[in-house]
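Let me begin by presenting the structure, written as structure tokens, before commenting on it.
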Amino acid sequence: MKGLSRLFFVFLFVALATPVSVKADPAAVDQSFAAYKQALVEGDGEAASKLTASDTHAFLDQTLDRALTLKEAEVRALPLLDQISVLMLRHNMKPDQLRAMKKSDPVAYAVNQRAFDMEDVERLSAGPFEVAGDQAQAKLSNLEGSPIPVNVHFKEEAGTWRFDLLSSIAPFRALFEAQAGLLSNLKTSDGNSGVVPLLLHLITGRAPDANIWNPPG
């Protein structure tokens, strides 16, 4: 569970591929995936931003807005995966870092700040890619403790294969939604769900602050 969750946050904060001519050819996507890994190692945030799918940008911008503004009741009303995404930002970043991220480009900022585990990036392995029109996917290997198969997705936009975060994390969303009833039984002394703080603790090894449910001051 820990390895799978860490991988999700690698995907959540960073997305990168080198421009290539788009072809209905798995090798072209494989080339982008290999370049994606290498660029993460190099920390090239500007390139990461340019080569991230547009709906991924929109999702990350929305998550950052929520982390900066939503109050407890609003966060708890979100689907479980979105709660985790919002609270993970608050848990891992100081208020001034969140505001700096908002003023810049979230993808570029995350890559430049190395907001991911480099060991997880180094171990990523995928392929062969299956291409269907402007969509491509391949199974990720070297995932320890994964309860479900996890595929990495790319999509063609403006002549380039770009990392598709939303399709890549769809299995995580489905898993959390399927387990929502069971997880809701885990409550804190005030009667609220305690599953998200517990997951943050398990993923990071640090207990979240009691004020994590409210926006930073």
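Being surrounded by fewer than 19 Cβ atoms within 10 Å (Cβ to Cβ) and at pLDDT 85 or above is true of residue 157.
Each residue in the range 44-84 was checked for being under 30 Å from residue 128 (Cα atoms), surrounded by 14 or more Cβ atoms within 10 Å (Cβ to Cβ) and over 15 Å from the mean Cα position of the chain (by Cα), and 5 pass. Against the definition (in a helix (DSSP H, G or I) and in contact (Cβ under 8 Å) with a residue 12 or more places away in the chain), how does residue 58 come out, yes or no? The answer is no for residue 58. Among the residues making up the range 53-106, those that are in contact with an Asp or Glu (Cβ under 9 Å, 6 or more places away or on another chain) and β-branched (Val, Ile, Thr) are 56, 63, 75.
Within the range 30-40, is even one residue surrounded by 18 or more Cβ atoms within 10 Å (Cβ to Cβ), under 18 Å from residue 160 (Cβ atoms) and among the acidic types (Asp, Glu)? Within the range 30-40 (the criterion being surrounded by 18 or more Cβ atoms within 10 Å (Cβ to Cβ), under 18 Å from residue 160 (Cβ atoms) and among the acidic types (Asp, Glu)), the answer is yes, since at least one residue qualifies. When 49, 85 are checked against the criterion of being within 21 Å of residue 167 (Cβ to Cβ) and modelled with pLDDT of 90 or more, 85 stands alone in meeting it. Could you grab me the full set of residues in the range 99-148 that are exposed (fewer than 14 other Cβ atoms within 10 Å of the Cβ), over 27 Å from residue 61 (Cα atoms) and modelled with pLDDT under 80? Selection gives 141, 142, 144, 145, 147, 148. Looking at the structure I just gave you, is residue 16 at pLDDT below 80, buried (at least 18 other Cβ atoms within 10 Å of the Cβ) and not in a loop (DSSP other than H, G, I, E, B)? So residue 16 does not fit the description; no.
The values are calculated or read from the model by the stated rules, or taken from the named source; none is laboratory data. Values in this document were obtained by computation on a predicted structure and should not be read as measured data. Methodologically, a virtual Cβ is constructed for each residue, glycine included, from the backbone with ideal geometry; neighbour enumeration extends over all protein chains shown.
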